[in-house]
Amino acid sequence: MTCQPDLIFDIGSHKGEDTDFYLKKAFKVVAFEANPKLIAHCKTRFADAIADRRLRIVEGAIAPEAAGERIVFYANLQASVWGTIGASWAERNRTLGTQSVRVEVERVDIVEAFRTYGVPFYLKIDIEGADCVVLEGLRQLEGRPRYISIEAEKVDFARLVAELRRSGVPFRVRHFESKIDFAGLRENVIVNCTGYGAKAIMNDNNLIARRGHLVVLKKTLHKQFYFFSGGCWNGRIMYVFCRQNDIVVGGTVQRGNESEAVTESDRAVFERILSNAQAMFDGRVVDCVTA
Ligand SMILES: Cc1cc2nc3c(=O)[nH]c(=O)nc-3n(C[C@H](O)[C@H](O)[C@H](O)COP(=O)(O)OP(=O)(O)OC[C@H]3O[C@@H](n4cnc5c(N)ncnc54)[C@H](O)[C@@H]3O)c2cc1C
């Protein structure tokens, strides 16, 4: 089954924002959506394209076969883009201050859909926690889309790697001594994302190191998602980022310092950054010192 050059799958079509763009680019579109209200909206919005058979809307929730033929879909009342079949995702959305209603919908078998409509040139997947069901489905086919766009939990790199590995994406760890090593690669597209390492590989002396100090704290409550930057009122350095699994406190920049070693003077900087954060959150901003 080869990919059809004029076909796009819009999986998780929401209000048709992407579908509209694809149709205007003269592609045929198969749009997948589970939320009955959004489906009704798109049927009205794209009545002409549906009548012309340029757009087909597949109604229901993509889920694995084991989930049964009727699926509970959590339609989000405040953020319609957060509709999901995942109970844990609905719970996450609740902790972020939104409410969902449970709607029972038909299950859509994605492998059957590929067999019915064909393998698209471009496959967009954005279905809140069920994205990998589509990737798993692809593995049962011989043909592959030319391009895939998928939403991943980029905030959690380990989970992203695990998802990609499960979907058959190989990871090879390699060290590149110089750009001559690139010539030995079989791949015909190379993204050079070696960061500061590019200085040595590309012999680029215009690249200047900027070294900083970070203190990583344990996140004690799921609701810690604040962000603070700009230092204390007197301009002393410190920022706080709440990330998915931890809290990062930092703010120093040492231009031209490329050392990876942690020295005693670095330890003193870590202490100062931390005590600045404590002083600020205690309301003692005058106690902050220059890190
Ligand atoms: C302390 C600090 C705080 C920062 N805070 C922020 C922030 O708050 N917000 C923000 O947006 N940015 C921040 N940055 C900048 C941000 O981290 C970088 O811009 C970003 O990580 C660059 O991503 P990258 O993928 O290009 O490179 P990197 O994340 O540097 O990844 C490069 C990778 O290439 C590998 N590599 C290097 N040489 C070779 C080689 N020869 N062969 C094979 N592999 C190699 C390295 O091991 C590394 O894994 C901060 C940086 C620092 C140091």
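Results for (1) closer than 23 Å to ILE148 by Cβ; (2) β-branched (Val, Ile, Thr), shown as yes or no for each residue.
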| residue | (1), (2) |
| --- | --- |
| CYS3 | yes, no |
| GLU17 | yes, no |
| LYS28 | yes, no |
| CYS42 | yes, no |
| ALA47 | no, no |
| ALA75 | no, no |
| GLY83 | yes, no |
| GLY97 | no, no |
| VAL103 | no, yes |
Exercise. Enumerate the pairs (first residue in segment 207-233 and within 25 Å of ASN257 (Cβ to Cβ) and modelled with pLDDT under 75; second residue anywhere and among the small types (Gly, Ala, Ser) and within 16 Å of the ligand (Cβ to nearest atom)) with beta-carbon separation below 7 Å, excluding pairs fewer than 6 apart on the same chain, so at least 6 apart or on different chains.
Key: GLY231/GLY251
Quiz item: So how many residues does segment 118-155 have that are touching a Cys at 6+ places or on another chain (Cβ under 6 Å), at pLDDT 95 or above and of a type outside the set (Phe, Trp, Tyr)?
Solution: 1
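Being of a type outside the set (Val, Ile, Thr) and without any contact (Cβ under 8 Å) to a residue 60 or more places away in the chain is the filter here, so list the residues in segment 251-266 that pass it. So that I can check it myself, show each step before the final result.
First pass over segment 251-266, keeping only residues of a type outside the set (Val, Ile, Thr): 251, 254-261, 264-266.
If the condition is that a residue be of a type outside the set (Val, Ile, Thr) and without any contact (Cβ under 8 Å) to a residue 60 or more places away in the chain, then GLY251, GLN254, ARG255, GLY256, ASN257, SER259, GLU260, ALA261, GLU264, SER265, ASP266 are the ones that fit.
Among the residues of segment 179-189, are any within 11 Å of the ligand (Cβ to nearest atom), in a helix (DSSP H, G or I) and surrounded by fewer than 12 Cβ atoms within 10 Å (Cβ to Cβ)?
To start, the set of residues in segment 179-189 that are within 11 Å of the ligand (Cβ to nearest atom) comprises 179, 181-182.
Filter again for in a helix (DSSP H, G or I), leaving 179, 181-182.
From what is left, the residues that are surrounded by fewer than 12 Cβ atoms within 10 Å (Cβ to Cβ) are none.
Checked segment 179-189: no residue is within 11 Å of the ligand (Cβ to nearest atom), in a helix (DSSP H, G or I) and surrounded by fewer than 12 Cβ atoms within 10 Å (Cβ to Cβ).
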Quiz item: Can you tell which of ILE208, ILE247, ILE237 is surrounded by 13 or more Cβ atoms within 10 Å (Cβ to Cβ) and either of a type in the set (S, T, N, Q) or part of a loop (DSSP other than H, G, I, E, B) (or both)?
Solution: ILE237
Quiz item: Which fully enclosed strands (runs of 3 or more DSSP E) of segment 1-102 have 2 or more residues being surrounded by fewer than 20 Cβ atoms within 10 Å (Cβ to Cβ)?
Solution: 3-11, 55-59, 70-76
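Condition first: of a type in the set (Val, Ile, Thr) and either surrounded by 10 or more Cβ atoms within 10 Å (Cβ to Cβ) or more than 11 Å from the ligand (Cβ to nearest atom) (or both). Now tell me which residues in segment 190-199 satisfy that. Can you show your working first?
If we filter segment 190-199 for residues that are of a type in the set (Val, Ile, Thr), which is where we start, we get 190-191, 194.
Result: ILE190, THR194.
Residues ARG174, ARG115: which one is at pLDDT 90 or above, more than 16 Å from the ligand (Cβ to nearest atom) and more than 20 Å from the chain's Cα centre (by Cα)? Before you say what the answer is, go through the steps one by one.
Working: ARG174 fails: more than 16 Å from the ligand (Cβ to nearest atom).
Checking each option against the conditions leaves just ARG115.
Condition (residue is near the ligand (Cβ under 9 Å from one of its atoms), part of a loop (DSSP other than H, G, I, E, B), without any contact (Cβ under 8 Å) to a residue 12 or more places away in the chain and closer than 30 Å to ASN245 by Cβ) applied to segment 148-171: is it met by at least one residue?
Taking segment 148-171 as the starting set, the residues that turn out to be near the ligand (Cβ under 9 Å from one of its atoms) are none.
No, segment 148-171 contains no residue that is near the ligand (Cβ under 9 Å from one of its atoms), part of a loop (DSSP other than H, G, I, E, B), without any contact (Cβ under 8 Å) to a residue 12 or more places away in the chain and closer than 30 Å to ASN245 by Cβ.
The values are calculated or read from the model by the stated rules, or taken from the named source; none is laboratory data. These numbers come from a predicted model, not from an experiment. Backbone-built Cβ (ideal geometry, glycine too); neighbour counts: all protein chains shown.
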